[in-house]
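Peer 1: To start, I am sharing the structure in question, which I have written as structure tokens.
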Amino acid sequence: MMDPHLATVYRHTRSSRIDIVLGLLLVLAIPGMPFWASSGHIRWAIELGCFIAIAQMWNLLAGYGGMVSVGQQAFIGLGGYALFVLVTLFGVDPFLAVPLSVILPALVAAPAYMLLRRLDGPYFAIGTWVLAEVLRLITANIGAVNAGSGMTLEALAKYSAHQREVGLTLLVALLLLLTVGGTYLLLRSRLGLALTAMRDDAVAAASQGVDVGRMRFSVYLLAAVGTGLAGAIYFMAQLRISPTSGFDPNWSSICIFIVMVGGIGRLEGPIIGALLYFFATRLFGQYGSTYLVVLGLLTLVVAIRAPSGHWGLMTCMRPWPWFPTGYILTKG
């Protein structure tokens, strides 16, 4: 007979299993949208999926790696431009060019981190912004990519509207599986334990044998690749990219809002924050600057009054993790 005083260790709850299955079904349903949904709703799904992926990568970077970046637009722009250059200048098929577009963000992120790692705190954040601005200025002066005029993805004209929608929704579903699902599997691994320890206390993690420098480099590289992939898919759907749109600082503002409001350092946070941001823009975006001020004030209030975000408030009422990455203890 089991001792009632002994604790039982779980990695899943009944609710988390249900939530994971529902999440997978929703993601797998996205490629089917061209067969039953309107073009407007398909564009919404593509945009929302890209927001979730970009925010999840920023959450991995800041929430677990401890590196607050205000220059993630650097990799969004690099991923988008890599796609357009591969298609327009080298004749690569647009859908084949999407996975290849992550090479450029990775090639830039590796040496960039070697410079940025010498900075800490706000200096690191400023350094990421400087990197993004430098890339924007360089891109705006390269004639091969039409400089400041930007590029248009004319090669997609060979596909019908339905074929483009099928391809893009499939890409978005794969993007979510790689960014959200991949992060979930990473955090449940031994590396995930090291990341969680580093998030809670980098000094203590280092004293226990965690190579903090190497882990941060890996996180920075992964975040750059995931963000670049999302940027490529997003601008593929837009059919056009320019230095001002690809390297727009508003991308970082969106990431910060989504993650801070949803809940930093938790997988569920960026999903909730992205949903809040997406539907808020659809409902109140017509109010322009007033609406942006309200978003900024909301971020400030959440940061002060509820640092764990909406997800933290929800778990206070009922602990029901969607993606449990740790261990759950219950008595006998």
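Peer 1: Which value, in Å², gives the accessible area per residue of region 31-177 when a 1.4 Å probe is used on the protein heavy atoms? Walk me through the numbers on the way to the answer.
Peer 2: On the way: 6330 Å² over 147 residues.
Ligands and nucleic acids excluded, the result is 43 Å² per residue.
Peer 1: By average Cβ neighbour count within 10 Å, what is the ranking of 192-198, 170-176, 118-124 from highest down? Write down the numbers at each step before the final one.
Peer 2: Numbers: 192-198: 19.0, 170-176: 22.3, 118-124: 12.1.
Ranked from most to least packed, the peptides come out as 170-176, 192-198, 118-124.
Peer 1: From the Cα gyration tensor of region 183-332, with a ≥ b ≥ c the square roots of its eigenvalues, which class applies: rounded if a/c is under 1.5, or else prolate if a/b is larger than b/c, or else oblate?
Peer 2: Oblate is the answer for region 183-332, as a/c is 1.5 or above yet b/c matches or exceeds a/b.
Peer 1: Find how much the distance from Asp200 to Leu89 grows on full extension, using 0.36 nm per residue of separation minus their present alpha carbon separation; answer in nm with one decimal.
Peer 2: Taking 0.36 nm per residue and subtracting the Cα distance, the gain is 35.4 nm.
Peer 1: What is region 72-159 by shape, rounded, prolate or oblate, if you read a ≥ b ≥ c off the alpha carbon gyration tensor as root eigenvalues and call it rounded for a/c under 1.5, prolate for a/b larger than b/c, and oblate otherwise?
Peer 2: Details: a/c = 3.08, a/b = 1.97, b/c = 1.57.
Note, shape of region 72-159 comes out prolate.
Peer 1: When only C-alpha pairs under 8 Å and at least 6 residues apart count, what is the relative contact order of the chain, in percent?
Peer 2: 35 percent
Peer 1: In nm, to one decimal, how far is the modelled label at Arg214 from the one at Val130, with both set 7 Å along Cα→Cβ?
Peer 2: Simple spin-label model gives 2.9 nm for this pair.
Peer 1: Per-residue accessible area for Ser242 at 1.4 Å probe radius, Å² rounded to 10?
Peer 2: Counting only protein heavy atoms, the figure is 20 Å².
Peer 1: Give the angle, between 0 and 90 degrees and rounded to the nearest 10, that separates the Cα long axis of helix 39-59 from the longest principal axis of the Cα atoms of the chain.
Peer 2: 60 degrees
Peer 1: Subtract the Cα-Cα distance of Ser149 and Leu28 from 0.36 nm times their separation in residues, and report this length gain in nm to one decimal.
Peer 2: 39.9 nm
Peer 1: Relative contact order (percent) for region 76-125, with alpha-carbon contacts under 8 angstrom and 6 or more residues of separation?
Peer 2: 33 percent
Peer 1: So how much slack lies between Tyr291 and Leu137, counting 0.36 nm per residue of separation and subtracting their Cα-Cα distance, in nm?
Peer 2: Computed gain between Tyr291 and Leu137 is 52.5 nm.
Peer 1: Where the centre of each part is set by its Cα atoms, how far does region 81-158 sit from region 188-202, in angstrom?
Peer 2: Taking the Cα centre of each part, region 81-158 and region 188-202 sit 30 Å apart.
Peer 1: What percent do you get for the relative contact order of region 56-206 when only Cα pairs under 8 Å and 6+ apart count?
Peer 2: Averaging sequence separation for qualifying contacts and normalising by length gives 30 percent for region 56-206.
Peer 1: Using only the Cα atoms of region 99-214, build the gyration tensor, take square roots of its eigenvalues as a ≥ b ≥ c, and label the shape rounded, prolate or oblate: rounded if a/c is under 1.5, else prolate if a/b is larger than b/c, else oblate.
Peer 2: Oblate is the answer for region 99-214, as a/c is 1.5 or above yet b/c matches or exceeds a/b.
Peer 1: Highest GNM mean-square fluctuation, the chain, Cα pairs closer than 10 Å: which of Val21, Val68, Val87?
Peer 2: Highest fluctuation of the listed residues: Val21.
Peer 1: Using only Cα atoms and rounding to the nearest 10 degrees, what angle (0 to 90) does helix 103-116 make with the longest principal axis of the chain?
Peer 2: Result, in degrees: 60.
Peer 1: Ok, one more. With every protein chain left in place, what is the accessible area of His310 in Å² (1.4 Å probe, nearest 10)?
Peer 2: His310 exposes around 60 Å² with every protein chain in place.
Peer 1: On the protein heavy atoms, probe 1.4 angstrom, tell me the percent of accessible surface of the chain carried by carbon and sulfur. Spell out each step's value before the answer.
Peer 2: Working: 11260 of 16580 Å².
Carbon and sulfur together cover 68 percent of it.
Peer 1: Rank these residues by their accessible area, most exposed first, probe 1.4 Å: Asp93, Asp201.
Peer 2: Asp201, Asp93
Peer 1: Suppose accessible area is computed on protein heavy atoms with a 1.4 Å probe; arrange Val294, Val225, Val98 from highest to lowest.
Peer 2: Final ranking, largest accessible area leading: Val294, Val225, Val98.
Peer 1: Measure nothing fancy, just the Cα-based angle from helix 268-284's long axis to the longest principal axis of the chain, in degrees from 0 to 90, nearest 10.
Peer 2: Relative to the chain, helix 268-284 is tipped by roughly 50 degrees.
Peer 1: Moving on to the next point. Rank these by accessible area, largest first, 1.4 Å probe: Trp251, Trp320.
Peer 2: Most to least solvent-accessible, the answer reads Trp320, Trp251.
The values are calculated or read from the model by the stated rules, or taken from the named source; none is laboratory data. As the structure is a prediction and not an experimental result, all values here were calculated from the model. Glycine gets a Cβ as well: all are built from the backbone with ideal geometry, and neighbour counts include every protein chain shown. With ligands, DNA and RNA removed, areas are computed over all heavy atoms of the protein, side chains included. Shrake-Rupley method; radii C 1.70, N 1.55, O 1.52, S 1.80 Å.
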